[in-house]
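I have placed the structure first, in the form of C-alpha cells, so that the comments after it can refer back to it.
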C-alpha cells in the first residue's frame, strides 16, 4: 500500500466532523471501485474493496456516542448495521443492486453530514450553543 503523506497529515489534523466526512467519502470510493470490479468479473478484488467499505462502516458504527447522540445515534447504528449486512449479501450473491443501495445511502448520509456540519459551524446568537457531536 502506497503511503500518502498529504492524506496522512490531513487525517491527523482534521476535526472529528471532517474525519466522518472523509470516511463517508472513502467508503463511497471503495464501493464505486467494487462496482467496476464486479462488472469485470474480478470477484476477489471486488470482495476486498467491499470489505474495505465494510471496515469503514464498522468504524463509523463504533465511533457513535450512544449517550450524547440520543435518537440520532440509535438510528445511525441501525442504519450502519443494515448497510453492513447488505454488503455481506452483495458479496455473497454478487448483487450489484445491494451495492448500489448502500452507496446511495452513504451518499445521502455524506450530503446530510456536510449540511449539518455547516449549520453547526455557523455563528450562533449569544447564549446559544451549537455543535454536532455524535462521536465520543
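Details
- Pair list, Cβ under 7 Å, 6 or more apart: region 5-20 residue farther than 19 Å from residue 61 by Cα, other residue at pLDDT below 65 and part of a loop (DSSP other than H, G, I, E, B): none
- Region 1-105 holds helices (runs of 4 or more DSSP H) entirely within its bounds, and those carrying 3 or more residues that are out of contact with any helix residue (DSSP H, G or I) (no Cβ under 9 Å at 6 or more places or on another chain) and exposed (fewer than 13 other Cβ atoms within 10 Å of the Cβ) map to 5-13, 66-93.
The values are calculated or read from the model by the stated rules, or taken from the named source; none is laboratory data. What you see is a predicted model; the values in this text were computed from it and never measured. Cβ: placed from backbone, ideal geometry, glycine included. Neighbour counts: every protein chain shown.
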